[in-house]
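Here's the structure we're looking at; comments come further down.
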Amino acid sequence: MLFNLIAFNFSWLGLVLIGNSAIPFVLLWLSVHIYLSKQRISELKLILSVTIIGVCLDSTLAALGVFTFVGSSTLPLWLMVLWSAFAGTIAHSLNFLTTNKKYQLIVGFIFPPFSYLAGASLAKVELGYQALTTYLILAPLWACLFVVMYLLKNAYYPKEMIND
């Protein structure tokens, strides 16, 4: 779990700071992560589902002007890969949230929106609104998204693996 958390944080930092140039390293980590997973098919389904949901959400937020990407009218590839890297933490370093919807809501409400704000200050991302307004848009979305992600995790993983 610790390696999973460290690898994700390095992935986040690399993708936010150097963008597409970090993709090969993140994909290498994800490949190793999936290879070492006890439940590869479940993990692949979860990563794919969360990535699709996340890309759709971020695309919608960008279309609504919540954030824009300097020099691009579409979601950058590095952000799509970041969704996959994040999805790789759900059944591992964030697994402690699996059975507690209250914690899913709280963690989703607090931490991911701050990640967007930090990322915007480091990457070629501009916020369409003030930081507080952006936070207040993202927080309830992420709170709900966390619940959805754990519903997917619980649906994809065999019952005996839910708390592994």
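Worth a mention:
- Candidates Gly108, Gly71, Gly88: the one that is farther than 18 Å from Phe3 by Cα and in contact (Cβ under 8 Å) with a residue 40 or more places away in the chain is Gly71.
- Of all the residues in the range 105-146, those that are assigned to a helix (DSSP H, G or I) and either more than 14 Å from the chain's Cα centre (by Cα) or hydrophobic (A, V, I, L, M, F, W, C) (or both) number 28.
- Test for Ala155: is it farther than 24 Å from Asn9 by Cα, surrounded by fewer than 14 Cβ atoms within 10 Å (Cβ to Cβ) and not basic (Lys, Arg): yes
- Qualifying residue in the range 82-102 (condition: among the charged types (D, E, K, R), in contact with a helix residue (DSSP H, G or I) (Cβ under 7 Å, 6 or more places away or on another chain) and surrounded by fewer than 17 Cβ atoms within 10 Å (Cβ to Cβ)): yes
- Yes/no for Val107 being surrounded by 20 or more Cβ atoms within 10 Å (Cβ to Cβ), within 19 Å of Ile53 (Cα to Cα), modelled with pLDDT of 95 or more and out of contact with any Pro (no Cβ under 6 Å at 6 or more places or on another chain): no
- Single residue of the range 50-63 satisfying the filter (touching a residue at least 40 places away in the same chain (Cβ under 8 Å) and surrounded by fewer than 18 Cβ atoms within 10 Å (Cβ to Cβ)) that is nearest to Gly128 (Cα to Cα): Leu57
- Number of positions in the range 15-47 that are surrounded by 13 or more Cβ atoms within 10 Å (Cβ to Cβ), under 20 Å from Leu151 (Cβ atoms) and either over 15 Å from the mean Cα position of the chain (by Cα) or not basic (Lys, Arg) (or both): 7
- Number of residues in the range 1-14 that are closer than 15 Å to Ala123 by Cα and either buried (at least 19 other Cβ atoms within 10 Å of the Cβ) or touching a residue at least 40 places away in the same chain (Cβ under 8 Å) (or both): the value is 3.
- Within the range 144-164, residues that are β-branched (Val, Ile, Thr) and at pLDDT below 85 have Cβ atoms under 7 Å from residues that are in a helix (DSSP H, G or I) and surrounded by 14 or more Cβ atoms within 10 Å (Cβ to Cβ) in these pairs: Ile162/Asn154, counting only partners at least 6 apart in sequence or on another chain.
- Residue, surrounded by the fewest Cβ atoms within 10 Å (Cβ to Cβ), within the range 64-81, restricted to residues that are hydroxyl-bearing (Ser, Thr, Tyr) and touching a helix residue (DSSP H, G or I) at 6+ places or on another chain (Cβ under 9 Å): Ser73
The values are calculated or read from the model by the stated rules, or taken from the named source; none is laboratory data. Predicted, not measured: the structure shown is a model, and the values here were computed from it. Here the Cβ is made from the backbone with ideal geometry for all residues, glycine too, and neighbour counts use every protein chain on show.
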